[in-house]
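Enquirer: After the structure tokens below, expect a handful of questions from me.
The values are calculated or read from the model by the stated rules, or taken from the named source; none is laboratory data. Since the model is a prediction, treat every value here as computed from it, not as a measurement. A quick note on method: Cβ atoms are made from the backbone with ideal geometry, for glycine too, and the neighbour counts reach across all protein chains shown.
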């Protein structure tokens with residue numbers, strides 16, 4: 001066993017030795033940090049460049065787009081491409097269709113998934129685990145494989161080329177994910193909060209409305225945004241089910257942009273920017289909601 | 001003893017009998033979701049299998065009823081050399097995409113642990129922007145970047161003396177074209193996988209990593225023998241999800257090739273689509289889709305098992 005004093009001695013010895021190399025060690029560490037940071041910035045640039053290039057192209061006048069040596073920054077800036085894109089046939093129709101489909105679908109999906117989330121998070125019942133496993137498994141059913149029977153099924157009841165058919169399909173597609181996510185939010189709110197409200201004289205329903213519901217608010221927003229993004233971005237179902245251009249959605253319109261008119265890169269990039277804009281905006285909101293455990297600490301103390 | 005006395009007083013609160021406490025109530029709550037999922041996902045899945053056993057062409061589409069042919073569709077597909085190519089192409093495409101996504105995402109996630117806070121925020125924001133970009137939008141962007149005439153990629157490659165890429169059409173050669181599509185898919189997949197892996201990495205206790213370092217493990221050994229095993233469930237979930245998405249790839253290829261890809265670009269989902277909606281052989285298309293589902297069922301099984309384990313719902 002080494003006496004404490006001896007250990008002290010050894011320690012000062014190494015410290016003295018280390019002090020000599022400390023300066024060069026520090027520089028080495030700083031250099032390494034610099035390399036890491038530079039790599040990080042490089043990753044960000046590579047990832048972001050395509051998006052930057054879309055936006056930059058959208059704001060460039062035509063002669064600046066079709067150049068063999070590209071102009072890296074849009075100068076002068078023009079809104080002509082956006083005006084061209086919006087003036088294209090069916091753009092506004094298809095924006096309207098996308099909004100109707102997503103809006104109606106979300107209202108229904110929120111109600112249905114909220115019931116199911118409360119049912120599975122607040123109650124124990126036979127078949128609960130089976131239901132949850134089904135919810136996870138069904139998210140993995142590839143929609144691309146179901147497109148044939150979905151088309152024939154909706155064709156049989158005269159619901160192809162109608163928004164209702166697409167709404168029904170999107171509803172079923174987003175439900176499993178929304179139920180699963182909302183269930184997490186409901187389960188994270190301790191029942192003790194409701195129970196203490198009931199001790200203070202609330203009815204069970206009153207406790208639910210006053211205590212639990214406001215706390216689930218962020219969860220509802222988050223799942224609604226997820227549903228919005230999935231439905232807004234969906235392509236193949238809308239493409240197969242909706243045949244007439246005035247009934248189509250924005251993604252279908254965007255995908256057929258090149259085919260119908262040849263590549264007009266300026267207006268195409270402007271249209272792509274407009275299509276992506278609401279999704280990016282919602283995504284940034286979502287980040288904030290997902291960032292923190294919102295009710296963490298609600299019961300402590 | 002004190003606990004035993006106070007507990008019965010609290011019990012009745014949570015067991016208070018009320019109208020909501022009937023045995024059927026939870027079933028009523030989940031019923032609408034079950035109805036929707038059964039009607040729009042489960043029933044079509046059953047219908048898909050049934051369709052795959054029928055001859056279902058344009059005539060049958062108008063009559064709304066097919067003609068039973070047993071396993072003939074499957075026999076036709078298995079004898080079809082194009083189908084063998086398609087399966088092989090889909091597998092190679094999936095393997096390449098999942099592999100590259102995983103390697104890049106792991107490296108970026110590990111890098112995120114090392115960079116300073118500001119850089120981390122910048123990288124994370126860039127990932128979120130890419131994640132948020134709709135697939136169709138991203139396909140349009142890459143189409144423009146890889147344009148044979150004015151594409152920025154051809155310009156850059158020529159300037160960097162990689163070769164003469166002026167007026168180089170990437171889609172003349174299917175191998176090059178598919179390589180471009182791999183880039184599109186991997187670029188779009190990296191954010192989700194990186195952010196998921198990074199969240200997992202943050203949960204690895206630092207004292208375990210310190211201990212490995214004290215024991216003299218190299219960075220690579222620490223990752224391979226300490227970090228990776230701890231992240232195994234997350235890796236498995238991410239691999240399963242990526243495999244399912246990439247094996248069923250449709251949008252990127254179909255839209256990139258202006259909605260009329262040549263058979264050199266057929267993956268299984270596009271082949272199924274073409275057989276059914278292109279040449280109105282819905283039975284054959286359904287049989288191809290069934291084969292796709294069967295291949296994915298194995299992957300799905302692993303995914304569900306791992307997710308159930310991680311979520312601890314059982």
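Enquirer: Could you pull out every one of the helices (runs of 4 or more DSSP H) wholly within the stretch A:227-301 that has 2 or more residues that are at pLDDT 90 or above?
Expert: Ranges flagged: A:236-241, A:250-255, A:265-291.
Enquirer: Do we have residue B:165 as buried (at least 21 other Cβ atoms within 10 Å of the Cβ) and either part of a helix (DSSP H, G or I) or more than 10 Å from chain A (Cβ to nearest Cβ) (or both) here?
Expert: Taking the combined requirement at face value, the residue does not satisfy it.
Enquirer: Still on this model: Restricting attention to the stretch A:120-177, which residues are facing another protein chain (nearest Cβ under 7 Å) and part of a loop (DSSP other than H, G, I, E, B)?
Expert: Matches in the stretch A:120-177: A:123, A:125, A:140, A:141, A:142.
Enquirer: From B:98, B:103, B:128, which residue is surrounded by 15 or more Cβ atoms within 10 Å (Cβ to Cβ), more than 21 Å from residue B:257 (Cα to Cα) and at pLDDT 95 or above?
Expert: B:98
Enquirer: Which pairs turn up if I take residues in the stretch A:251-273 that are more than 7 Å from chain B (Cβ to nearest Cβ) and under 11 Å from residue A:82 (Cβ atoms) and look for partners that are surrounded by fewer than 20 Cβ atoms within 10 Å (Cβ to Cβ) and modelled with pLDDT under 90 with beta carbon separation below 6 Å, at least 6 apart in sequence or on another chain?
Expert: Listed pairs, sorted by first residue: A:266/A:62.
Enquirer: Would you point out which residue out of B:150, B:129 is facing chain A (nearest Cβ under 7 Å), assigned to a loop (DSSP other than H, G, I, E, B) and touching a helix residue (DSSP H, G or I) at 6+ places or on another chain (Cβ under 9 Å)?
Expert: Sole residue among the options that is facing chain A (nearest Cβ under 7 Å), assigned to a loop (DSSP other than H, G, I, E, B) and touching a helix residue (DSSP H, G or I) at 6+ places or on another chain (Cβ under 9 Å): B:150.
Enquirer: Is it the case that the stretch A:91-98 has a residue that's buried (at least 23 other Cβ atoms within 10 Å of the Cβ), facing chain B (nearest Cβ under 9 Å) and touching a helix residue (DSSP H, G or I) at 6+ places or on another chain (Cβ under 6 Å)?
Expert: No, the stretch A:91-98 has no match at all.
Enquirer: Further, regarding this structure: Which one of the conditions (1) in a helix (DSSP H, G or I); (2) free of Cβ contacts under 8 Å to residues at least 60 places away in the same chain; (3) surrounded by 17 or more Cβ atoms within 10 Å (Cβ to Cβ) does residue A:206 fail to meet, given that it meets all the rest?
Expert: Unmet for residue A:206, out of (1) in a helix (DSSP H, G or I); (2) free of Cβ contacts under 8 Å to residues at least 60 places away in the same chain; (3) surrounded by 17 or more Cβ atoms within 10 Å (Cβ to Cβ): (3).
Enquirer: Would you confirm, using the coordinates I've provided, whether residue B:108 is within 7 Å of chain A (Cβ to nearest Cβ), under 30 Å from residue B:219 (Cα atoms) and buried (at least 17 other Cβ atoms within 10 Å of the Cβ)?
Expert: yes
Enquirer: Just to check your reading of the model, which residue among B:67, B:60 is under 11 Å from residue B:283 (Cβ atoms), within 11 Å of chain A (Cβ to nearest Cβ), at pLDDT below 95 and surrounded by 12 or more Cβ atoms within 10 Å (Cβ to Cβ)?
Expert: B:60
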